[in-house]
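A.B. asks: Got a structure for you, questions after.
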Amino acid sequence: MGPLRDPAGSDTGRDLARAIRETSRRLVVLDNAPGGTPIAGPAVGAFRAVRRRLVEAGAGGSGGRDVWAAAAELAEIAGWALFDAARFRVAQRFNQEALRLARLAGDASMELLVLQNTGLVAGWSGRGGDELGIAEAALARRRLTPRVESMFRARQAQGLAVAGADWEVAKAFRRAHDLLGESEPAHTPAWAWWVTHAEIDRQHGRVLHDAGRWAEAIPVLRGALGDGPENEVGYRGVVTVRLLDCYLRVGAWAEAEQTAAELLVAAPEMTSAVIRRLLRDAAARGGRHPGVPGDLRDALRALRATASPPAGGVGPFG
């Protein structure tokens, strides 16, 4: 990204900031809609248009740092959407742009969210050391609110898991839960609403699942499927997929069959390439298990077909 002009001083800048934020709001609504359309393409296109405006024409005036902050938010959304589309490398490029813009704007809150997303992508890309480093750098800052610190404690735990530091992993997840019991100051970022006990359990369940501790993962993942409002959006689907895989691994056929039936209903509306890939792999692996009952094997075969990527795949975003 080239040098940016400071868009300070006229109504044009304020109008641009409002327009960017409205675009971001609409993208978030689309992303959270059940069975909605994947937003990676629209988000990337929208951010590129904003970037051209900032680089080539400036913002024409008045929004000042607010324009950069709005652009940072849009880049963050694009980075998240690219992660959800399983385009991890490109997602990190947009995360880097979002981080740069947030720092130009002096938006410490957005900077923290982008750092969390950068750690997330690092972890899912198999770079647990980077994930841990990002989390610990954020935790070294002063004045993190309890909910934001909880978010980075959970990210720290996942980075530690790659190093095999099981005791430290458990300690970090306990601390993440404890922090959610502390009173929240008024300046807690609005975006941190999704950092809940269920979310911490989801991340803990992922660590146990990926470590092959499937029997231990089951109650933790079940805890992440609570009935609270925090489970209305987000990565509820990935919890169910991991539960299915755990049941298959431990030979809990009745539970696996029930979970597979639930996923057969939900899978056609799953737009996340990350979740669909996990489901496809779990169904394929489970279907090869010699002890799987016939009805369950049929359900797994149907799940694998449902979760297969569409012809042509995902378009280029590089």
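Only the coordinates and a few stated rules stand behind these numbers; no lab work does. Bear in mind that the values here come from a model prediction, so they are computed numbers and not experimental data. Note that each Cβ is placed from the backbone with ideal geometry, even for glycine, and that neighbours are counted across all protein chains shown.
A.B. asks: For the chain, what does -39500 (n - 2.57) per DSSP helix run (n ≥ 4), summed and divided by total residues, give at 222 nm, in deg cm²/dmol to the nearest 500?
C.D. replies: The per-residue figure over the chain is -22000 deg cm²/dmol.
A.B. asks: Okay, moving on. Could you tell me the extents of the range 12-102's C-alpha atoms along the three principal axes, largest first, rounded to whole Å?
C.D. replies: Principal-axis extents of the Cα atoms in the range 12-102, largest first: 39, 25, 18 Å.
A.B. asks: Which order do the peptides 75-86, 98-109 come out in when sorted by mean C-beta neighbours inside 10 angstrom, highest first?
C.D. replies: Highest mean packing first, the order is 75-86, 98-109.
A.B. asks: Starting from the Cα gyration tensor of the range 208-310, take the square roots of the eigenvalues, sort them a ≥ b ≥ c, and report rounded, prolate or oblate (rounded when a/c is under 1.5, otherwise prolate if a/b is larger than b/c, else oblate).
C.D. replies: oblate
A.B. asks: Which whole-percent values make up P(r) of the chain when all C-alpha to C-alpha distances are grouped in 10 Å steps starting at zero?
C.D. replies: 6, 24, 32, 24, 10, 3, 1, 0
A.B. asks: Can I ask one more? For the range 135-198, run through the GluC sites (Glu not before Pro) and keep only the ones in DSSP coil with at most 12 other Cβ atoms within 10 Å of their Cβ.
C.D. replies: For GluC sites (Glu not before Pro) across the range 135-198 that sit outside H, G, I, E and B with at most 12 neighbouring Cβ atoms in 10 Å, the list reads E182.
A.B. asks: Could you line up H289, H204, H187 from fewest to most neighbouring Cβ atoms inside 10 Å?
C.D. replies: H187, H289, H204
A.B. asks: Given the C-alpha atoms of the range 76-156, compute the convex hull and give its volume per residue in Å³.
C.D. replies: So the per-residue hull volume is 80 Å³.
A.B. asks: Average the reciprocal distances over every distinct pair of alpha-carbons in the range 73-231, invert the result, and give the Kirkwood radius in Å.
C.D. replies: It works out to 15.9 Å.
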